[in-house]
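K.L.:
Before anything else, here's the structure in question.
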Amino acid sequence: MVFKALPYTLKLILSIPLLLLKLHNNQTKALKRTISNTHASHSRSQTLISDHVIHTCDLSNKTLIFDVEGTLLRSPSMFAYFMLVAFESGSLIRAFVLFALYPLLALVDDELSIKIMVMVSFFGIKKDSFRLGSSVLPKFFLEDVGLEGFEVLRRGKKKVGVSKLPQVMVECFLKDYLEFDHVFGRELKVFGGYFVGLMKDNKNIIKHRINEVVGEDDDKVCFSNKPVKHDWIACSKDVYVVSDAEKKAWRILPREKYPKDLIFHDGRLAFRPEPLNMLVMFMWFPFSIILSISRIAIALTMPYGATIPIMSFTGVQVRLKNNNSTSNPMSLDRKKDKGRLYVCNHRTLLDPLYLSFGLKKPFAAVTYSLSRMSEILSPIKTVRLTRDREQDSKTMDKMLKLGDLVVCPEGTTCREPYLLRFSPLFAELSDHIIPVALDTYVSMFHGTTASGLKCLDPFMFMMNPRSAYSVRFLDQVHGTSDSRSTRYDVANHVQSEIGKALEFECTSLTRKDKYLVLAGNEGFVSKR
């Protein structure tokens with residue numbers, strides 16, 4: 001995605017180190033295959049996973065033991081996952097250090113490469129605050145799972161995963177999203193509550209631990225791409241080998257086949273942080289800061305009629321669709337001297353601002369949480385709600401009597417194509433509700449966060465080389481006073497209409513659910 005922005009000449013130059021690396025890897029793999037052939041007298045049967053037997057044999061009563069990186073993930077390199085740890089849990093400087101070490105990582109063997117990346121990524125990170133294994137990494141792992149390997153995985157009675165990565169990186173992904181029963185990864189050493197960047201040597205006891213949790217008498221089948229290098233292979237008489245050529249032909253696991261829906265994820269990076277992509281990001285970063293400040297200055301100072309064309313020229317597109325509500329006479333009716341209530345789903349903190357651009361006029365917005373900096377910089381009036389129903393109802397009713405108002409009843413942002421439960425408070429306040437369906441596109445950075453600094457959200461969104469906002473106005477909906485519907489019926493109807501317009505799935509999940517998954521709290525953040 002980001003790589004496409006490179007000029008063709010620069011692409012060619014930057015691809016030379018990767019070609020050399022690929023040649024080095026091919027030579028290394030060929031050597032390892034030669035070594036493997038010397039173990040041909042091994043008593044266990046070793047069969048390619050793509051052979052006909054794997055598609056016909058019954059695995060429903062067997063315990064399947066997987067080499068996670070070798071038989072489930074399509075990518076041969078683990079660099080991107082450690083880069084996510086370095087960037088999201090560490091800092092930009094830590095990420096740059098890891099990126100600078102990439103040539104060295106390409107030259108050393110796989111085990112030493114993992115140790116170096118662990119040291120750079122984890123050293124000094126507080127153990128109790130590390131949540132990337134559940135909030136950031138599962139999305140990137142799922143997008144790397146091969147459909148063919150997954151189809152074999154789902155046929156087993158029990159699933160055991162063995163990983164060369166630290167346990168804190170893979171355990172949540174494997175247990176929560178792929179439904180593994182047991183996961184054995186590398187343990188990290190901790191001192192004073194902080195990771196020291198070193199791994200415990202527990203490779204030699206994995207076989208014993210597998211037999212403890214599974215049982216020595218269970219019928220086990222192992223899946224690996226380097227069987228002679230794993231002691232735990234001795235747990236099974238049957239070994240199926242995944243070749244490197246076979247993995248290259250694997251298809252990506254479709255989202256609809258995920259055992260568990262990926263609804264929540266955190267982190268700032270919107271692309272897979274492979275080496276070339278990170279090179280582009282580091283080259284772009286200084287310019288992005290200047291561009292972000294310039295875009296924000298344009299949004300704060302320019303007239304509404306000029307803002308959209310100028311922002312589009314700088315790479316931020318605004319797409320307006322079905323803007324019939326503003327010209328509908330019914331929507332202009334001020335019943336009880338109240339303004340129009342715009343109800344939209346929540347993608348970023350900039351939602352009300354882009355509605356203002358689309359309507360070419362200012363109006364007020366209510367929000368459940370907003371950083372002080374965002375509140376100061378906002379060109380439209382913002383009012384913070386308290387989550388006390390009676391007090392918030394009075395506040396919103398008072399603002400509606402002063403003019404038009406926008407509210408995001410989800411109460412928090414959601415990046416994926418899902419809608420969280422709509423709070424029904426808005427349904428009692430107005431008989432002229434205009435649903436607004438919002439969608440966003442970013443190319444490099446996400447403009448939302450659950451565990452980071454919220455004051456940086458607008459800046460991060462504006463730092464993207466290209467981004468887009470889609471604003472679609474839907475048919476007007478009446479509130480509770482003009483019908484027999486309850487406030488819950490109205491809220492669910494509005495959620496459903498927005499979901500249909502965006503082709504998003506409606507859920508009953510709430511802000512609390514999101515923050516418990518991503519930040520380990522209930523969503524009450526400081527006003528930073």
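The values are calculated or read from the model by the stated rules, or taken from the named source; none is laboratory data. The model shown is predicted, which means the values in this text are computed figures rather than measured ones. Every residue, glycine among them, receives a Cβ derived from its backbone with ideal geometry; neighbour counts consider all protein chains shown. The area values use the complete protein model at the heavy-atom level, side chains included, leaving out ligands, DNA and RNA. Shrake-Rupley method; radii C 1.70, N 1.55, O 1.52, S 1.80 Å.
K.L.:
Mind counting the residues in the stretch 143-161 that are open to solvent by less than 60 Å² (accessible area, probe 1.4 Å) and either assigned to a loop (DSSP other than H, G, I, E, B) or of a type in the set (Val, Ile, Thr) (or both)?
P.N.:
5
K.L.:
Would you call Gly305 of a type outside the set (A, V, I, L, M), surrounded by 15 or more Cβ atoms within 10 Å (Cβ to Cβ), outside the structural domain of Leu105 (by the TED database) and over 30 Å from Phe180 (Cα atoms)?
P.N.:
no
K.L.:
Mind listing whichever residues of the stretch 244-272 are at pLDDT 95 or above, open to solvent by less than 20 Å² (accessible area, probe 1.4 Å) and farther than 19 Å from Cys172 by Cβ?
P.N.:
Selection gives Phe271 alone.
K.L.:
Anything in the stretch 443-456 that is surrounded by fewer than 20 Cβ atoms within 10 Å (Cβ to Cβ), part of a loop (DSSP other than H, G, I, E, B) and not polar (S, T, N, Q)? List them, or say none.
P.N.:
Gly452, Leu453
K.L.:
Counting only residues that are of a type in the set (D, E, K, R), crowded, with 17+ Cβ neighbours inside 10 Å and modelled with pLDDT of 95 or more, how many does the stretch 102-142 have?
P.N.:
The total comes to 1.
K.L.:
Condition check: within 25 Å of Thr386 (Cβ to Cβ) and open to solvent by 40 Å² or more (accessible area, probe 1.4 Å). Does Leu420 satisfy that?
P.N.:
So Leu420 does not fit the description; no.
K.L.:
Something else: If we keep just the residues of the stretch 428-442 that are at pLDDT 90 or above and touching a Gly at 6+ places or on another chain (Cβ under 9 Å), which is surrounded by the fewest Cβ atoms within 10 Å (Cβ to Cβ)? Talk me through it step by step, then tell me what you get.
P.N.:
So the first thing to find is which residues in the stretch 428-442 are at pLDDT 90 or above, and the list is 433-442.
If we keep only those that are touching a Gly at 6+ places or on another chain (Cβ under 9 Å) too, we end up with 433, 436-437, 440.
Details: Ile433: 23, Val436: 25, Ala437: 22, Thr440: 20.
Top of the filtered list is Thr440.
K.L.:
Moving to a separate point now. Failed condition for Phe459, given (1) at pLDDT 90 or above; (2) open to solvent by less than 20 Å² (accessible area, probe 1.4 Å); (3) of a type in the set (Phe, Trp, Tyr), with all others met?
P.N.:
The one condition Phe459 does not meet is (2).
K.L.:
What number of residues in the stretch 499-526 are at pLDDT 90 or above and either under 21 Å from Gly339 (Cα atoms) or not β-branched (Val, Ile, Thr) (or both)?
P.N.:
Going through the stretch 499-526 one residue at a time, the tally reaches 17.
K.L.:
Mind checking which residues of the stretch 478-494 are at pLDDT below 90 and either in contact with a Lys or Arg (Cβ under 7 Å, 6 or more places away or on another chain) or surrounded by 19 or more Cβ atoms within 10 Å (Cβ to Cβ) (or both)?
P.N.:
Hits for the stretch 478-494 are Gly479, Thr480.
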